[in-house]
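Structure first, then comments.
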Amino acid sequence: MVEKQYVVDAISIDESWRLFRIMAEFVDAIEELSRVNRAVSIFGSARTRPEDTCYQTAERLAGLLVENGFSVITGGGPGIMEAANKGAAEAGGVSAGLNIHLPFEQVPNPYANVKLEFKYFFIRKVMFVKYAVAYVILPGGFGTMDEVFEALTLIQTRRIKSFPVILMGSSYWQGLVDWIRETMLKDGKILKEDFDLIQVIDDPNDVIRILKKYLII
């Protein structure tokens, strides 16, 4: 009985220290990112190679964002994240990378000039939203989809102020958008104004125009 109580107490202490680690991660991230202004969070696959047109589009977009007074935030890893950090850094702007510790794929890219390391996914996701004036999402997998629907859900439920949610690459996203319209919307699972939160864009210059229309900079 004493041994069982000792185990329970040890678990309780470990949980208490985990709370302090969570708080410390929040504090470090807020202190660092509070200096990042007009940030656009860019998402996409970590598996995208430099020769891929999506990589090149992300790089070009990030450079244009910096030239137009924006900062860039990514997940800090390879693929689309690397491309966006590279484009922003080479344009002379703020290029933030919010890296997460994962057993595979997620290796920090060398182009982020504001670097943060996260252990907890949920803290990292809060930072993406807290400091973003827009989300731009390029083709990606489950993690990318998670970010898309996280933003849409928070805006829909008014947990955060509405901002542009832009899907780049109509050939990749059109099937999903069609399904949302023809199934979710038609079946009454979302409202027309919910569907209208999504914008599908192909040209980086159009992204800039949308953001300038949304924000007075």
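FYI, it's all coordinate maths here, none of it is from the lab. As the structure is a prediction and not an experimental result, all values here were calculated from the model. Note that we place each Cβ from the backbone using ideal geometry, even for glycine, and neighbour counts take in every protein chain shown.
Worth a mention:
- Extension gain, ASP196 to THR183: 0.36 nm times the residue separation minus the Cα-Cα distance gives 3.2 nm.
- 15 Å beta-carbon shell around MET168, net charge (K/R +1, D/E -1): -4
- Gain upon complete extension [GLU15, LYS115; 0.36 nm per residue less C-alpha separation]: 33.3 nm
- Read-out volume of the Cα convex hull per residue in Å³, derived from the coordinates shown; its label in [x] 148; [y] 174; [z] 114: [x]
- Tilt relative to the chain, helix 170-179 - C-alpha long axis, 0 to 90 degrees, to 10: 70
- Low-density loop positions, trypsin sites (Lys or Arg not before Pro), segment 40-89 - DSSP coil, at most 14 other Cβ in 10 Å: ARG47
- Between 0 and 90°, nearest 10: helix 2-33 axis offset from the chain longest Cα axis: 30
- Tilt relative to the chain, helix 53-67 - C-alpha long axis, 0 to 90 degrees, to 10: 90
- Loop-resident chymotrypsin sites (Phe, Trp or Tyr not before Pro) (DSSP state other than H, G, I, E or B) in segment 64-165 with no more than 15 further Cβ atoms inside 10 Å of their Cβ: PHE104, TYR120.
- Whole-Å distance, taken between Cα centres, linking segment 41-62 and segment 106-156: 14
- Non-local lysine pairs in segment 37-214, meaning eight or more places apart or on different chains, with alpha-carbon distances under 21 Å, amount to 11.
- Each helix, a run of at least 4 DSSP H residues, gives -39500 (n - 2.57); summed and divided by the residues of the chain, these come to -16000 deg cm²/dmol at 222 nm.
- The GluC sites (Glu not before Pro) of segment 44-121 that DSSP puts in a loop, and whose beta carbon has at most 14 other beta carbons within 10 Å, are GLU51, GLU105.
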